[in-house]
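> Provided herewith is a single structure, encoded as structure tokens, for subsequent inquiry.
The values are calculated or read from the model by the stated rules, or taken from the named source; none is laboratory data. Note that the structure is a prediction, hence the values are computed from the model and not measured. Note that each Cβ is placed from the backbone with ideal geometry, even for glycine, and that neighbours are counted across all protein chains shown.
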Amino acid sequence: MKRILIFVAGLLLGALAALYFLSPARSGRLSGIPVRPPDANTVNSGTVTVTLDEKFFDSLLGTIFQRLGSPQLKLAELQAASPFQPAVFQNSCSNVVVLNPEGGNVKTGVRFTGGKITVPLAFTGSYNVLAKCVQFKGTAKATVDLAFNQEKQIVYGAVIIEEMILEDVPPLVSALVTAFVRETIAAKINPFEVVRVEHFNLSMPIQATGGLVKANVKDVRSEVQEGSLRLLLTYDFSAEKNAG
């Protein structure tokens, strides 16, 4: 009888996981044109370079964890919670994933290496699966894709989970929990703003000519070096005479 119950539970979880994986993406798509590496045109154009290094993100994340606490994300649910669940059980399972500074020999951060933006993550959480609260902890390896929206003058990023390891989670529910952690990150984090390049636009009055020169960012390229990210901003220049 016990084996039959395990078999049925496995089929049910497999079906739920299949529904999740086959369903269309809900959100998290990048807005704009994918940011590409610099080319010959970029090199030969007048550009402004913005450099971000790993120490900057170490300080940023350290401030968040120390001053604001660990970020928490509510996990997506396959369906609404049953109204017949005991109140004690409802309060005991928070259905959240909590980002931690470190765990499992992994330190949460942003790394620039091998031509990629990588994001190691450490997390804990709990999830209600078939009327059972599953407590989990784990680590993940992610990469970040960039896109530039010229109309909004914003460089966006999207975290893409490439690998996830859960500890002390039954195999029957591991795939389902992993799927919902991925969904939560895609739905509630992506896309995020990396930098508003409008702050780097120029408007220079040229008094000797009685006119104004403007320069707006028209293209953004990225170059990942060991330990840092370089964003190369290319401008579209225009000029106009003062009225009168």
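> Residue under question is L52, and the condition is that it be in contact with a Lys or Arg (Cβ under 9 Å, 6 or more places away or on another chain), of a type in the set (A, V, I, L, M, F, W, C) and modelled with pLDDT of 90 or more; does it hold?
yes
> Can I ask one more? Does at least one position in the stretch 183-204 carry a residue that is in a strand (DSSP E or B), touching a residue at least 40 places away in the same chain (Cβ under 8 Å), crowded, with 20+ Cβ neighbours inside 10 Å and in contact with a Gly (Cβ under 6 Å, 6 or more places away or on another chain)?
Looking through the stretch 183-204, at least one residue is in a strand (DSSP E or B), touching a residue at least 40 places away in the same chain (Cβ under 8 Å), crowded, with 20+ Cβ neighbours inside 10 Å and in contact with a Gly (Cβ under 6 Å, 6 or more places away or on another chain).
> For the stretch 151-182, give me the residue count where each residue is surrounded by 16 or more Cβ atoms within 10 Å (Cβ to Cβ) and of a type in the set (D, E, K, R).
So the answer is 1.
> Among residues belonging to the stretch 118-150 that are closer than 30 Å to L231 by Cβ and of a type in the set (V, I, T), point out the one that is surrounded by the fewest Cβ atoms within 10 Å (Cβ to Cβ). Spell out how you get there, then give the answer.
Of all residues in the stretch 118-150, those closer than 30 Å to L231 by Cβ come to 118-123, 139-150.
Still in the list and also of a type in the set (V, I, T): 118-119, 139, 143-144.
Working: T118: 16, V119: 20, T139: 21, T143: 13, V144: 19.
Out of the qualifying residues, it is T143.
> If a residue has to be aromatic (F, W, Y) and farther than 12 Å from Y127 by Cβ to count, how many in the stretch 162-195 make the cut? Lay out the reasoning, then the answer.
Going through the stretch 162-195, the residues aromatic (F, W, Y) turn out to be 180, 192.
If we keep only those that are farther than 12 Å from Y127 by Cβ as well, we get 192.
Counting residues in the stretch 162-195 that are aromatic (F, W, Y) and farther than 12 Å from Y127 by Cβ gives 1.
> So, S174, is that one of a type in the set (S, T, N, Q), touching a Leu at 6+ places or on another chain (Cβ under 9 Å) and within 22 Å of P38 (Cβ to Cβ) or not? Break it down into steps so the answer makes sense when it comes.
Numbers: of a type in the set (S, T, N, Q): yes; touching a Leu at 6+ places or on another chain (Cβ under 9 Å): yes; within 22 Å of P38 (Cβ to Cβ): no.
Judged against the criteria, S174 is not a match.
Matching residues to (1) at pLDDT 65 or above; (2) in a helix (DSSP H, G or I); (3) in contact with a Gly (Cβ under 6 Å, 6 or more places away or on another chain):
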{"residue": "A9", "(1), (2), (3)": "no, yes, no"}
{"residue": "T63", "(1), (2), (3)": "yes, yes, no"}
{"residue": "Q66", "(1), (2), (3)": "yes, yes, no"}
{"residue": "A76", "(1), (2), (3)": "yes, no, no"}
